[in-house]
Amino acid sequence: MSRTIDAVVSPTQTNTIPADISGQMLDLDEDDDLEVFSKDLTLADGNMFNASMPTSPGSMVNQCKFEEDEESDSKDIFITVDNPESHVTAIETFITYRVLTKTTRSEFDNSEYEVRRRYQDFLWLKGKLEDAHSTLIVHPLPEKFVVKGMVERFNGDFIETRRKALHKFLNRVADHPILSCSEDFKVFLSAQAWELTTYKKQGPGFLSRMGETVRAVANSVRGVKNRPEEFTAIQEYVEDFSNKIGSLDKVTQRIVKEQKEYLEELKEYGPTYTLWSGSEEELAEQLKGVAGCIERCCKETEEQVGHLSDTLVPVLHEYVLCAETLKAVLRRRDNIQAEFEAKNEALATKKVDRDAESSDLGFVWGSLLGKNPEEARHQRQERLDGEIEELKEEIDKLEDRVEWANNALKGDWGRWQRSMRGDLKSAFLSTAEKNVDYYEKVRYKIL
């Protein structure tokens with residue numbers, strides 16, 4: 001009988017994904033899934049998990065919360081995203097969210113604002129911040145499109161998950177020393193819907209945006225010849241981080257999926273013992289006891305799955321998106337440097353052309369064309385001198401831009417690492433604490 005109970009309560013595998021992403025799961029080889037846990041536990045700065053670290057998850061979580069409370073004392077802008085509403089028009093159906101802002105900043109006319117924003121407005125804000133600060137790390141938004149396997153696009157779970165992500169996005173921007181001072185951010189928080197629509201139309205035109213895109217593509221194709229070592233190291237770190245956090249995300253989603261499947265089977269298992277007890281008078285008490293134990297274990301398992309779905313899964317997936325954001329930031333930094341290098345090469349070429357004009361070859365070529373050689377050479381040299389001066393001015397501006405981009409990224413990189421480690425540490429410790437609590441309760445109920 002004890003073996004039967006153990007088999008019911010102690011699954012050998014962890015379990016399931018939320019229904020909304022179960023259709024998108026990738027099948028991984030078991031060894032590949034776990035490889036991420038066994039290799040390269042060191043962090044970029046050489047730190048690693050130490051056996052002498054405090055072993056109480058609760059104490060460490062409380063410490064993290066205490067540090068967050070200290071940081072909140074210096075905040076001067078507080079944002080809440082809540083109260084989603086569905087809107088149906090003849091053309092589309094969409095959700096808007098209420099954005100409440102409380103601030104003591106002098107640049108705002110009022111101390112409190114309440115506006116409604118839809119997902120496209122958040123996308124617009126993110127794009128404007130990235131355009132204005134190309135090498136700052138703008139926190140990612142939740143994916144725009146519905147994930148594969150979701151039956152209803154605007155079901156409650158989907159809306160709530162997106163609301164939490166949008167809330168976190170705005171507060172990340174609000175906590176950033178540079179992004180939070182953006183005029184676009186201020187307008188997003190304070191303008192009414194029609195005012196925001198008017199403000200959006202003041203941006204650059206289509207041709208201007210197309211020109212910037214073409215230039216970015218050209219710089220990307222050209223590539224960087226002399227990337228500083230520190231940014232090469234960051235790029236390697238991001239690639240490694242992306243692979244590992246992606247594996248963790250897939251494994252965790254599969255665990256949640258399997259846990260949910262196990263829970264559904266367990267819920268069907270309990271009533272079987274209850275029915276059995278009706279036909280076995282001598283075993284009725286014991287069978288009912290097993291049924292009651294299974295029912296209580298179902299409750300604890302459901303809480304554990306809910307905690308994983310609400311605490312660990314969103315954080316891991318958030319940093320999967322962060323890894324892609326970091327790659328884009330590094331590409332934009334490289335594009336700026338590539339343009340700077342291309343201008344320097346063009347300047348060197350112009351100088352060679354100018355020197356060639358002073359040679360006898362330029363003199364002979366002008367004679368063959370029937371022109372006054374001296375006059376033609378003088379005109380070409382004046383043209384080249386003008387082009388060289390223009391290139392020098394552009395190079396000076398680009399040099400300043402490269403320096404600013406490098407310094408901005410280096411500063412934001414350190415800030416991002418601190419935030420990432422704090423978020424992952426808190427999520428892992430909270431999950432560990434919940435797992436310990438789960439198994440202690442399950443064991444107690446069995447005994």
Exercise. In the stretch 387-412, how many are open to solvent by 30 Å² or more (accessible area, probe 1.4 Å) and not charged (D, E, K, R)?
Worked result: 3
For this session: Could you tell me which of the residues 259, 253 is within 21 Å of residue 441 (Cα to Cα) and part of a helix (DSSP H, G or I)?
Result: 259
Exercise. Which condition number in (1) more than 23 Å from the chain's Cα centre (by Cα); (2) open to solvent by less than 50 Å² (accessible area, probe 1.4 Å); (3) under 29 Å from residue 420 (Cβ atoms) is the one that residue 102 fails?
Worked result: (2)
Exercise. Is there any pair linking a residue in the stretch 271-290 that is surrounded by 14 or more Cβ atoms within 10 Å (Cβ to Cβ) to one that is basic (Lys, Arg) and not in a loop (DSSP other than H, G, I, E, B), with Cβ under 8 Å and at least six apart or on different chains, and which?
Worked result: 273/288; 274/288; 277/288
For this session: Within the stretch 310-330, work out how many residues are open to solvent by 20 Å² or more (accessible area, probe 1.4 Å), touching a Ser or Thr at 6+ places or on another chain (Cβ under 9 Å) and either closer than 17 Å to residue 126 by Cα or of a type in the set (S, T, N, Q) (or both).
Result: 3
Exercise. Just for helices (runs of 4 or more DSSP H) wholly inside the stretch 276-380: which have at least 2 residues that are at pLDDT 90 or above?
Worked result: 284-307, 313-357
Seminar exercise, completed: The condition of being among the hydrophobic types (A, V, I, L, M, F, W, C), out of contact with any Pro (no Cβ under 9 Å at 6 or more places or on another chain) and under 23 Å from residue 157 (Cβ atoms) holds, among 330, 316, 275, 326, only for 316
Exercise. Tally time: how many residues in the stretch 157-175 are under 14 Å from residue 118 (Cα atoms) and buried (at least 17 other Cβ atoms within 10 Å of the Cβ)?
Worked result: 6
Problem set entry | Filter pass, residue 338 being open to solvent by less than 70 Å² (accessible area, probe 1.4 Å), touching a Gly at 6+ places or on another chain (Cβ under 8 Å) and either among the aliphatic types (A, V, I, L, M) or closer than 27 Å to residue 134 by Cβ (or both) | yes
Exercise. Can you pull out the residues in the stretch 205-225 that are out of contact with any Asp or Glu (no Cβ under 7 Å at 6 or more places or on another chain) and either surrounded by 15 or more Cβ atoms within 10 Å (Cβ to Cβ) or at pLDDT 65 or above (or both)?
Worked result: 216, 222, 223
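The values are calculated or read from the model by the stated rules, or taken from the named source; none is laboratory data. Being a predicted model, the structure only gives us computed values, none of them experimental. Don't worry about glycine lacking a Cβ; one is built from the backbone with ideal geometry, like all the others, and counts go over all protein chains shown. Ligands, DNA and RNA are excluded from the accessible area calculation, which covers all protein heavy atoms including side chains. Shrake-Rupley method; radii C 1.70, N 1.55, O 1.52, S 1.80 Å.
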